[in-house]
Each structure stands twice: as C-alpha cells, then as structure tokens.
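Below is one structure, written out as structure tokens; the observations come after it.
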C-alpha cells in the first residue's frame, strides 16, 4: 500500500508540472486533427476501391449471386450522411459575416471544448463519444481581419443510446473542471516569467432545445505571474458552447469571445444567453428532418 501511495504522489506531482498549450493552440490543433482524420479516412476508401478495380482488371471474377435481405453498404452509408440543410446558415445569426466554410468526416470524435477536454484528460475524465458521420462549418468569420472564428458548428450522428452518455460525460467534465489553471509564460518588465491562466466553466442553461441541450459558459482570465500574482489589466475572454441533441444527431455550436457578451445583462455587441438559446432552438429545428427518428 505504501508503494501505491508513493506512486500516486509522484503521478500528482508530474501532472502538476505539465504545461499545456494556450487555448487557441489547443483548439487549432484539434481542428487540424479532425480534418486530417477525415482526409485519412477518404484516402483509405480510395485505396480499397482502387485495389478492387485492379483485382477485377487482372483476372475475371465470377459475379456472386445476389443474397436476399442483405442491405447494400452504400445505402447504409448514405443514410448516415448529414445534409448541409441540417446546419445553420449565416442568416440565422444577427452578426456580420465574412465567410462560411464547411467540411464533413467519418468516425470523428465528438468535440465540445478542446480546452475543457484537456482539463478532463488531466483529471481522469473519460473521453466523449465517437460519431458515425459528421459535418462541420465555420459559420462566421470577422470581416477583413485575421482572427479566430466568431461562430462554428459541428453536427455528429451518433449511435442510438449514446446521447444520455454524452451529456453525462459533459456533466462530469463540468464537475471536474469548474476551475483549471494552464501554465505558461509571459513578459513582465522586459523579463519572461512563468504564468498561470485561470479558466472557469459553468452550466448557463439546459433543456432549452431539442431532446437534450446544455449551454456552457467559459471564462478565461488574464495570465497572472507565478512570482508576484500580477496580471495584465485586460477584460476576461468569454466563450459559449451549446450542445443540442435531436434523435441520433448532436450539434455543438461554439461562439468565440468576439461573439459573446461579457456581461450578459449589459448593452453592447455580441450574443446574450437568450440569443444563444434561440439559436439552439433554430439549430434543433434544422436537425429534425435528418434525425433518426424524425421530429
């Protein structure tokens, strides 16, 4: 038993020394990994098809008799696809848009918030579900500026019965990572000093759209010096993430700092909680026709 306690203490110290990348880098890496996974899946399919064509061209193959009652694979694959009409459009958001981009994939992991999931991995929370098919889009980009997206949306088709498990995993993440500090470094008086960036997550609303729904609010405070606790006098960054399920479809909508009001009750640009809940209900309506079962 004493050796087990020593191992746990050493593991705790090692995890405390891990320095995570900045939130923007974690999100960018997650997006690149998702796109790369989709590309590899497409390449594998092409390789299989090419190999089959070569075998047919090399020698005659007797056609197998049709088997009654066996579904055609392409029909099953087509039924799992998510049509573009199931996603939101720029007209659904009362913000100025600069672009609308999209992509689709197979076997993608359901991503809610890469920074929250990084905290979950550190604190031993299980990963989220894997989808059968997905479609994603960058719905809004700042006009004429190189900056993080204002609004992104992912739609995942998951196996029946995974919906409650997915929302249960999100609840576990929120419980484990209500507060989390990311180690880094910054400039103080012309010197590079170690810093910590505090993060907070909370559940702002739930049950406002679809079969299940939750609205997460993520607050990133300015990085504080580990030496003396000083931090830049800048406003905290606030992001919002909605997870909405309709049947076997789950959509994750992320609104960046430029799209969310820091003070939900105050004036100014950005989306309020009521705006986000309304957007979630619109997204649920879009999913209805493609969900199984339909609304």
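The values are calculated or read from the model by the stated rules, or taken from the named source; none is laboratory data. Everything quoted here is computed from the prediction, not taken from an experiment. FYI the Cβ positions are ideal-geometry reconstructions off the backbone, even for glycines, and counts take in every protein chain you see.
Quick look at the values:
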{"read-out": "Among the candidates 286, 203, residue that is under 30 Å from residue 108 (Cβ atoms) and touching a residue at least 40 places away in the same chain (Cβ under 8 Å)", "value": "286"}
{"read-out": "Pick from the stretch 85-103, criterion at pLDDT 70 or above and loosely packed, with under 12 Cβ neighbours inside 10 Å, ranking: farthest from residue 139 (Cα to Cα)", "value": "85"}
{"read-out": "Residue that is surrounded by the most Cβ atoms within 10 Å (Cβ to Cβ), among those in the stretch 209-230 that are modelled with pLDDT of 90 or more and assigned to a loop (DSSP other than H, G, I, E, B)", "value": "209"}
{"read-out": "Filtered residues of the stretch 251-261 (kept if in contact with a strand residue (DSSP E or B) (Cβ under 8 Å, 6 or more places away or on another chain) and outside any strand (DSSP E or B))", "value": "256, 257, 259, 261"}
{"read-out": "Complete set of residues in the stretch 232-269 that are surrounded by fewer than 17 Cβ atoms within 10 Å (Cβ to Cβ) and farther than 26 Å from residue 285 by Cβ", "value": "232, 233, 234, 235, 236, 262, 263, 265, 266, 267, 268"}
{"read-out": "Verdict on residue 238 being in contact (Cβ under 8 Å) with a residue 24 or more places away in the chain, under 11 Å from residue 277 (Cα atoms) and either in a strand (DSSP E or B) or in contact with a helix residue (DSSP H, G or I) (Cβ under 9 Å, 6 or more places away or on another chain) (or both)", "value": "no"}
{"read-out": "Tally, over the stretch 180-190, of residues that are assigned to a loop (DSSP other than H, G, I, E, B) and either modelled with pLDDT of 95 or more or over 14 Å from residue 225 (Cβ atoms) (or both)", "value": "0"}
{"read-out": "Residue list for the stretch 137-179, restricted to those being modelled with pLDDT of 85 or more and assigned to a strand (DSSP E or B)", "value": "151, 152, 153, 154, 155, 156, 157, 179"}
{"read-out": "Residue within the stretch 241-250 that is over 24 Å from residue 86 (Cα atoms) and either part of a strand (DSSP E or B) or within 17 Å of the chain's Cα centre (by Cα) (or both) present", "value": "no"}
